[in-house]
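As structure tokens, the structure follows; a few thoughts come after it.
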Amino acid sequence: MIRRFQLSMHRVEFPKQNDLRNFIAAFASWGLFTVASSAAWAGPTPEDVALSEALFREGKTLLQEGKFDLACPKLAESQRLDPAGGTLITLGLCYEAAGKTATAWVVFGEALATAERDKRADRIKLTKEHISALEKKLSYLTIELAPEGIGTTEFVMTRDGANVNRAALGTASAVDPGKHVINVSAPGFAAYTAEIEVAVDGDRKKVVIPALERLPEKPVETPIEKPVEKPPEKPIEKPVEKPPVKEEPVQGMHPGRVGALVLGGVSIVALGAGTYFGLSAKSKHDGALELCPTSPCPNDQGVEQNNAAKSDAAWSTGLVIGGLVGLAGTITLWSIMPKNATSAPNSTAIRLLPAVGPRGASAFLVGSF
């Protein structure tokens, strides 16, 4: 079971120059063959080889004890794990002893090819003797379809669980003696099964597959429409009449407070304008002092700028005073007037009248409620 290889070195004579190309091509082919052979041989692992050896020994012992049903599976697994010519021959002997003539015949054929490859003359002679003896005992089974056909071409056929190719139909095939089961199935047809017993010593049997029985089509069930049950009508509930809600008139702000807001807005504007004129008066006064450092002023432009500063100062004074008076009036009106108006007056008028004179400015607040 353990193979040993001997590597022999041969002298290589280099070809002449005119044959160099042929030599390179041949050398490359030899290299590729060597690499491929090495890769193929690297199949079994050390564990596989060890298990194969154990199975072979057990199978051989069981074979010698006549326990063929246990011996043949172990020898077959040993051959699968680590193929070897000796294992093939032992497996063939096991099948032959178990009466499986067709299987033994096939295995001895593989063993013969292996022996010829390994140039084992003793094994070649042994395998040929068994092949010749088995060929005289082979039994055959032929599977055919009925002449009128089986009703469909979409079928699947198996013999003892293995698929039967359509090309094999009508051809006698060597089989082991014993019972064989043929199954045929096709969509829309009932499955067909045939069992046949093949005898030993050159028995020939034939199985003809008849037309398959078509399965009845399932009627299409029409769903029955159930009447829709209407829910019971609920009594109409009369809406509860709610008493009308009296809408109270929305009371707005008292006109006096409206006037206070208007007066406050005018007062703020007046204060802003007064601030502007005050800043302008200061700026013009500073410019006049630069032009007229002494009095009386000898510079006409300085005199004009000084007069303009006095005018802006008068406006600033009047607007600021008017704004302050207006704010005071706003606070007073807002405090004394009610929040809501019970009756609207005929008219509300507030006016802020500024007054400017030669000696200054003033403001007058005039209103009617």
- request: Normalising by the residue count of the range 177-227, find the relative contact order in percent from Cα pairs under 8 Å and 6+ residues apart.
  value: 32
- prompt: Which value, in Å² rounded to 10, gives the accessible area of TRP105 with a 1.4 Å probe and all protein chains present?
  reply: 80
query: What's the local net charge at ALA71, with K and R +1, D and E -1, over the other residues with C-beta under 13 Å away?
result: 0
- prompt: Any idea of the accessible area per residue across the range 189-235, 1.4 Å probe, to the nearest Å²?
  reply: 99
task: Order the peptides 252-265, 118-131 from the highest to the lowest mean number of other Cβ atoms within 10 Å of their residues.
output: 252-265, 118-131
- prompt: Which whole-Hz ³J(HN,Hα) couplings does the range 114-124 yield from phi under the Karplus relation 6.51 cos²θ - 1.76 cosθ + 1.60, θ = phi - 60°, glycine and proline marked x?
  reply: 5, 5, 5, 5, 7, 6, 9, 4, 5, 6, 4
statement: Which residues qualify? For ILE209, with a placed amide H closer than 5 Å and at least 5 residues away or on another chain, they are GLU144, LEU145, ALA146
- line: Result for the range 133-188: accessible area per residue, probe 1.4 angstrom, in square angstrom, of 53
- request: Enumerate the calculated ³J(HN,Hα) couplings along the range 277-287 in order (Karplus 6.51 cos²θ - 1.76 cosθ + 1.60, θ = phi - 60°), each rounded to whole Hz, writing x wherever the residue is Gly or Pro.
  value: 5, x, 5, 5, 5, 4, 5, 5, 5, 5, x
- prompt: Can you give the convex hull volume of the alpha carbon atoms of the range 167-227 per residue, in Å³?
  reply: 107
message: Give me the percent of accessible area attributable to carbon and sulfur for the range 242-317, probe 1.4 angstrom.
response: 62
message: Ordering ILE224, ILE209 by accessible area with a probe of 1.4 Å, largest first, what comes out?
response: ILE224, ILE209
message: At a threshold of 8 angstrom on Cα-Cα distance, excluding pairs fewer than six apart, so keeping six or more, what relative contact order does the range 161-245 reach in percent?
response: 19
task: Would you mind telling me the share, in percent, of accessible area of the range 95-153 contributed by carbon and sulfur at probe 1.4 angstrom?
output: 52
- prompt: In the neighborhood of ILE150, defined by Cβ-to-Cβ distances under 11 Å, what is the net charge if each Lys or Arg adds +1 and each Asp or Glu adds -1?
  reply: -3
message: Check which residues have an amide H placed less than 5 Å from VAL164's amide H, if you skip close sequence neighbours.
response: MET157, THR158, ARG159
query: Using modelled backbone amide H atoms (1.01 Å from N, in-plane), which distant-in-sequence or interchain residues come within less than 5 Å of HIS254's amide H?
result: ASN340, ALA341
query: Which pairs, out of LYS60/LYS125; LYS125/LYS206; LYS60/LYS205; LYS136/LYS206; LYS119/LYS179; LYS74/LYS205, put more than 29 Å between their alpha-carbon atoms?
result: LYS125/LYS206; LYS60/LYS205; LYS119/LYS179; LYS74/LYS205
- request: Starting from the Cα of LYS310, draw a straight line to each of the lysines and keep only those under 22 Å, dropping any in the same chain fewer than 8 residues away.
  value: LYS282, LYS284
- line: Rounded to the nearest 0.05, FRET efficiency between ASN299 and ASN340 (Cβ-Cβ, R0 45 Å) equals 0.10
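The values are calculated or read from the model by the stated rules, or taken from the named source; none is laboratory data. The shown structure was predicted, so the numbers you read here are calculated from the model rather than taken from an experiment. Every residue, glycine as well, gets a Cβ built from its backbone with ideal geometry; the counts of neighbours run over all protein chains shown. SASA here: full protein model, heavy atoms, side chains in, ligands and nucleic acids out. Shrake-Rupley method; radii C 1.70, N 1.55, O 1.52, S 1.80 Å.
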